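This report refers to the structure that appears directly beneath it.
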Amino acid sequence: MFDTPGPRLFGTAPGVDFPRALVRGLRDRVQGPPDAMARVELYVNTTRMARRLREVFDAGPAALLPRVRLVTDLADPLSAAELPDPVPPLRRRLELTNPVSRLLDAQPDLAPRAALFDLADSLATLMEEMQGEDVPPEKIAALDVTDQSGHWQRSLQFLNIVQDYFGDDTAPDAQAFARLALRMRLAAWQADPPQHPVLVAGSTGSRGTTHELMCAVARLPQGAVLLPGFDFDQPRAVWDRLNEPLTGEDHPQFRFAKLMQALDLAPGDVLPWTGDAAPAPARNRTVSLALRPAPVTHQWLAEGPALPDLPGAMEGVTLTEAPSTRDEALAIALRLRQAVLDGQTAALITPDRMLTRQVTSALDRWDITPDDSAGTPAQLSPPGRLLRHVARLFEAPLTAEALLTLLKHPLVHRGAGRGPHLRNTRELELHIRRTGMPFPDPGALLDWGTEVAPWTAWVTGLCGQDRTGKRPLADWLADHIALAERLARGSDSEDASALWDENAGRTVRDAVEALRAEAHRAADLTARDYADLFDAVLSRAEVRDRDAAHPLVLIWGTLEARVMGADLLILAGLNEGSWPESPGADPWLNRQMRAQAGLLLPERRIGLSAHDFQQAVAAPEVWLTRSLKSDDAETVPSRWVNRLVNLMTGLPQRNGPQALAAMRARGAHWLALARAAEAPIAAAPAHRPSPAPPLEARPEKLSVTEIKRLIRDPYAVYARRTLGLKPMDPLMQAPDALLRGILLHDILETFLTAALEDPARLDAATLTQIARDKLAEVPFPTTRALWQARIARVAAWFVTTERARQDRATPSVANFEKTGEIVAQGVTLTGKADRIDIDDRGLAVIYDYKTGAAPSKSEQEHFDKQLLLEAAMVQRRAFPGLAPRDVAGAVFVSLKPGDPKEVPAPLDVAPPEKVWEEFIALLTAYADREKGYSARRALQKDNDVSDYDHLARFGEWDVTDLPETEVLE
């Protein structure tokens, strides 16, 4: 096959369909009998590459296939029998949770316990990297850390545990197994070099084991290495500078330079594998110059004028700079849809998974489901979500929100009776919202569900699942799966298969079974540790459904782009931090220490991404897209896009600015289409409503507190009283101002009742103790403490002023929370006074307690008529059992911490007679058939929120618009 001595390196230019070129070159070189091709031993980097090669060979002509193996599969059956079985990755990670857990217990400031599995995973990854790069633990232990912080000192002490996994008697992990197999394979080749063709194709040699294999194969008698995306346009001076990892690792051709250096070859020794020209040679030259290492970018000035005419070179490139990620996703979706209509194969390439989900969502409007090579993380699949919800039950007491989330899950109660289950769930939710049940317990649930007792008993099984302390992982997992299957079965079935059905269920079950098989190796875990670990394990599994995907629309990661071919490539998310991705934080070694040890630098991933970009951008038709903003923050363009734009801008003699403008114009066209697709249908804004319902439909009963609303926001009264609408009660009734007010009134009534029975109990200590007893019923510990502190701050002031109040008038238990009503103009006015005292003249003094600030005298005079109307009702004998001659005073008692005070009602300027006349005038006005209930008539502030703003379509109008009365029939 080869006539020249080794070592041999071949390459294909960026943009060349690598698998097709590989097969074509093999067919051209392998001559002779039909079995000659079968003697070729071919090592490729991924299973996807192997599948694509099979597809190309199958396209014809008919021939025997070469022996295709992976670069990670170096052990033949004989050598594999001599080697110990490799340890599954999950086992090693679970084993490492033991020392990591002890480390976190000893050094809580190192990381939160939620990172337990992630830290074990990162340590296992470091160990695998040490095996792959042939870095022994002694080299890590010998690192010079004199100028490092104490954190690195602690990390290196902890890293000593990896020594236990490097012994000869320790079962190897995947990388250690690969290195052992490589040593055996190289020893066999050294003793008896193979005479048949052996090739390594498609790998960049970024891993130490693969690099050694490539060097060995290149030196075999009939061995060769085929490099994808080799930059034949890069001059020798640039290649010579790519010899230092700290400065050149992020360059796309760095790994090839490292390989040539190891083989003592020059760039000119790398020969083209075939005679195929790149799809866009001029563009390749431009991109090659743009991506030069930073120290030699001065070559732009020297070599830039020699580039081909840039408008022609960049003719197939579209640059889309979208205002936001939403615009970017929609423009991409429109272009993919056009590709479907044109019969093109189009591939979206990006490491940004959030962007791919947005594009997938946008494509759904045209019923196009892309073939996503990454699939969906198992934790986001229906069974994955259900299992994650169930795992969280072990952490804390059951909440109403968690209960209904589980009951409404599509996989719950799938065994039988799904319809009645949903009906019961709805009724339970309405009950919880009406009565308040933030933490459901079996007693409350059974009291409610007597009519559906079997179903309710099944639901109570979710209560009391929270656990304390540490338990073995196997025990957590057994309880977890048993509870999840019980939910899937339902209340009257024994069939839990719905949890494990279909592709998603099978994938999740495989992950669960793998965890079950290795669970005994993990550290004991708390409930939260277990939930976090389960999430992490599940997130590593992927669910794919190729049957539902459109064959022409593909979503690839950057790795797939190396081996697959498409008519259109869309390189999306080209912003710094997205593509290239920011290097992840290493909790063990910093960059300098990695360089000293000979481990991979963080820039390695950037260099691989740069190589992927250089190959993909050389395709015949390419889109480069990015968003100018992400989450309301300015973005930074990807370094490669930035370099390309800067190079073209600085080459007016090669028409670079015109080429750049044409690229942007092509992108602007699709952005305009995206804006047009999102443009709302023109519609006239809603007017400010003022509905005037028939008189018989108007409120027949109002409370004194609603009069304020009738004055300030009449539309709210119309919506609640006429339409019968009220805000939905919250599922988890938060400890809000309403609940605080109810409790305060109960506390003060209990306290004053006790003080009237025994005047010695009129002291701050008694009030504080009663508050503590009453607040014990609040199921929110933090809220209890805060409210207890609020009352403690005002207790002394309240007791002092209470003595003055009792000196002024005599309180009576019978007059606490007095309710009365009176009819005027056909409307029943109801009022509830917190307290009405009678003085020695027989006059009434009305009190109302406020947990916050009380309305000022001006607000009471014009808007907040509560106390004034209650005074008028007292004067008209509206409160049964009370017959005072008149009202001596009405006072708001504000218990606002830091500023408690009494705010009297302005009876001097608004006496009961005047207030009553104004009230009658108000009712008379709304007895007019033409009088409407205007929205937001006189709210205190423009940014005040009404419960019915959405119904009134506030926002389409503002308070400067005049209300438009609409007489309703």
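The values are calculated or read from the model by the stated rules, or taken from the named source; none is laboratory data. If you're wondering where the values come from, they're calculated on a predicted model, not measured in any experiment. For neighbour counting, all protein chains shown are included, and Cβ atoms are generated from backbone atoms with ideal geometry for every residue, glycine included.
Give me the residue from region 405-424 that is outside any helix (DSSP H, G or I) and crowded, with 16+ Cβ neighbours inside 10 Å and, out of that set, modelled with the lowest pLDDT.
Here the residue is G415.
Can you confirm whether region 905-926 contains a residue that is more than 23 Å from G842 (Cβ to Cβ), among the aromatic types (F, W, Y) and touching a residue at least 12 places away in the same chain (Cβ under 8 Å)?
Yes; the residues of region 905-926 include at least one that is more than 23 Å from G842 (Cβ to Cβ), among the aromatic types (F, W, Y) and touching a residue at least 12 places away in the same chain (Cβ under 8 Å).
Given the structure, is R876 in contact with a Gly (Cβ under 6 Å, 6 or more places away or on another chain) and closer than 25 Å to F816 by Cα?
So R876 does not fit the description; no.
Kindly establish whether D763 is of a type in the set (D, E) and either surrounded by 14 or more Cβ atoms within 10 Å (Cβ to Cβ) or more than 24 Å from L951 (Cα to Cα) (or both).
So D763 passes the test.
How many residues does region 692-713 contain that are part of a loop (DSSP other than H, G, I, E, B) and surrounded by 12 or more Cβ atoms within 10 Å (Cβ to Cβ)?
Adding up the residues that qualify gives 4.
Please enumerate the residues belonging to region 99-114 that are within 29 Å of the chain's Cα centre (by Cα), touching a residue at least 60 places away in the same chain (Cβ under 8 Å) and either within 30 Å of L226 (Cβ to Cβ) or outside any loop (DSSP other than H, G, I, E, B) (or both).
V100, S101, R113, A114
Could you identify the single residue in M49, M127 that is more than 30 Å from L226 (Cβ to Cβ) and modelled with pLDDT of 80 or more?
M127
Test each condition in (1) under 38 Å from the mean Cα position of the chain (by Cα); (2) closer than 19 Å to P602 by Cβ for P228 and report the one that comes out false.
Answer for P228: the failing condition is (2).
Go through (1) under 23 Å from A804 (Cβ atoms); (2) at pLDDT below 90 for A890 and report which single condition fails.
So the condition that A890 fails would be (2).
For L951, which of the numbered conditions (1) at pLDDT 95 or above; (2) under 29 Å from K857 (Cα atoms); (3) of a type in the set (A, V, I, L, M) fails to hold?
All conditions are met except number (2).
Step by step: first the residues of region 820-877, then only those that are among the polar types (S, T, N, Q) and part of a strand (DSSP E or B), then the one that is farthest from T750 (Cα to Cα). Which residue is that?
Across region 820-877, the extreme among qualifying residues is T828.
Filter region 187-205 down to the residues that are farther than 30 Å from A13 by Cα and of a type in the set (A, V, I, L, M, F, W, C), then identify the one that is surrounded by the most Cβ atoms within 10 Å (Cβ to Cβ).
Here the residue is W189.
Does A374 satisfy the criteria of being closer than 30 Å to V553 by Cα, surrounded by fewer than 19 Cβ atoms within 10 Å (Cβ to Cβ) and in contact (Cβ under 8 Å) with a residue 24 or more places away in the chain? Walk me through how you get there before you give the answer.
Values: closer than 30 Å to V553 by Cα: yes; surrounded by fewer than 19 Cβ atoms within 10 Å (Cβ to Cβ): yes; in contact (Cβ under 8 Å) with a residue 24 or more places away in the chain: yes.
Considered against the rule, which asks whether it is closer than 30 Å to V553 by Cα, surrounded by fewer than 19 Cβ atoms within 10 Å (Cβ to Cβ) and in contact (Cβ under 8 Å) with a residue 24 or more places away in the chain, A374 comes out as yes.
Any residue in region 343-352 that is free of Cβ contacts under 8 Å to residues at least 24 places away in the same chain, in the same structural domain as A668 (by TED's automatic domain parsing) and either farther than 12 Å from I555 by Cα or of a type in the set (D, E) (or both)?
no
Determine whether V162 is at negative phi, among the β-branched types (V, I, T), at pLDDT below 75 and under 37 Å from the mean Cα position of the chain (by Cα).
Working: at negative phi: yes; among the β-branched types (V, I, T): yes; at pLDDT below 75: yes; under 37 Å from the mean Cα position of the chain (by Cα): yes.
So V162 passes the test.
So in region 828-849, with the set limited to residues that are touching a Lys or Arg at 6+ places or on another chain (Cβ under 8 Å) and surrounded by fewer than 18 Cβ atoms within 10 Å (Cβ to Cβ), which one is farthest from L710 (Cα to Cα)?
Ranking the qualifying residues of region 828-849, first place goes to R841.
Quickly run through region 296-305 and pick out the residues that are at pLDDT 85 or above and either in the same structural domain as T649 (by TED's automatic domain parsing) or under 13 Å from N646 (Cα atoms) (or both).
Hits for region 296-305 are W300, L301, G304.
Could you figure out which of (1) surrounded by 14 or more Cβ atoms within 10 Å (Cβ to Cβ); (2) modelled with pLDDT under 85; (3) part of a helix (DSSP H, G or I); (4) not aromatic (F, W, Y) isn't true of Q148?
Here Q148 clears every test but (3).
Among the residues of region 723-751, write down those that are in contact with a Leu (Cβ under 9 Å, 6 or more places away or on another chain) and part of a helix (DSSP H, G or I).
L743, L744, I747, L748, F751 - these are the residues of region 723-751 that are in contact with a Leu (Cβ under 9 Å, 6 or more places away or on another chain) and part of a helix (DSSP H, G or I).
Among the listed residues A910, A905, A938, which satisfies the condition of being exposed (fewer than 13 other Cβ atoms within 10 Å of the Cβ), modelled with pLDDT under 95 and among the small types (G, A, S)?
Values: A910 fails: exposed (fewer than 13 other Cβ atoms within 10 Å of the Cβ); A905 fails: exposed (fewer than 13 other Cβ atoms within 10 Å of the Cβ).
On inspection, the qualifying residue turns out to be A938.
Would you pick out the residues in region 898-930 that are assigned to a loop (DSSP other than H, G, I, E, B) and either under 23 Å from T830 (Cα atoms) or aromatic (F, W, Y) (or both)?
Going through region 898-930, the residues assigned to a loop (DSSP other than H, G, I, E, B) turn out to be 898-900, 905-911, 927-930.
Matches in region 898-930: A905, P906, L907, A910, P911, A927, D928.
Mind checking which helices (runs of 4 or more DSSP H) fall wholly inside region 1-85 and carry at least 1 residues that are surrounded by 19 or more Cβ atoms within 10 Å (Cβ to Cβ) and among the charged types (D, E, K, R)?
47-58
Which is over 51 Å from the mean Cα position of the chain (by Cα), of a type outside the set (D, E, K, R) and outside any loop (DSSP other than H, G, I, E, B), of A792, A765, A754? Break it down stepwise before answering.
Numbers: A792 fails: over 51 Å from the mean Cα position of the chain (by Cα); A765 fails: over 51 Å from the mean Cα position of the chain (by Cα).
Sole residue among the options that is over 51 Å from the mean Cα position of the chain (by Cα), of a type outside the set (D, E, K, R) and outside any loop (DSSP other than H, G, I, E, B): A754.
Listed residues R709, R666; which is out of contact with any strand residue (DSSP E or B) (no Cβ under 6 Å at 6 or more places or on another chain) and either of a type outside the set (D, E) or within 30 Å of I332 (Cα to Cα) (or both)?
Numbers: R666 fails: out of contact with any strand residue (DSSP E or B) (no Cβ under 6 Å at 6 or more places or on another chain).
The conditions single out R709.
Between A514, A523, which is in a helix (DSSP H, G or I), outside the structural domain of A362 (by TED's automatic domain parsing) and either more than 30 Å from L348 (Cβ to Cβ) or in contact (Cβ under 8 Å) with a residue 40 or more places away in the chain (or both)?
On the way: A523 fails: in a helix (DSSP H, G or I).
A514 is the lone residue from the list that is in a helix (DSSP H, G or I), outside the structural domain of A362 (by TED's automatic domain parsing) and either more than 30 Å from L348 (Cβ to Cβ) or in contact (Cβ under 8 Å) with a residue 40 or more places away in the chain (or both).
So which of P438, P383 is assigned to a loop (DSSP other than H, G, I, E, B), of a type outside the set (F, W, Y) and farther than 26 Å from A619 by Cα?
Selected residue: P438, the only one of P438, P383 that is assigned to a loop (DSSP other than H, G, I, E, B), of a type outside the set (F, W, Y) and farther than 26 Å from A619 by Cα.
Pick from region 471-498 the residues that are in contact with a Lys or Arg (Cβ under 9 Å, 6 or more places away or on another chain) and outside any helix (DSSP H, G or I): which of them is surrounded by the fewest Cβ atoms within 10 Å (Cβ to Cβ)?
D495
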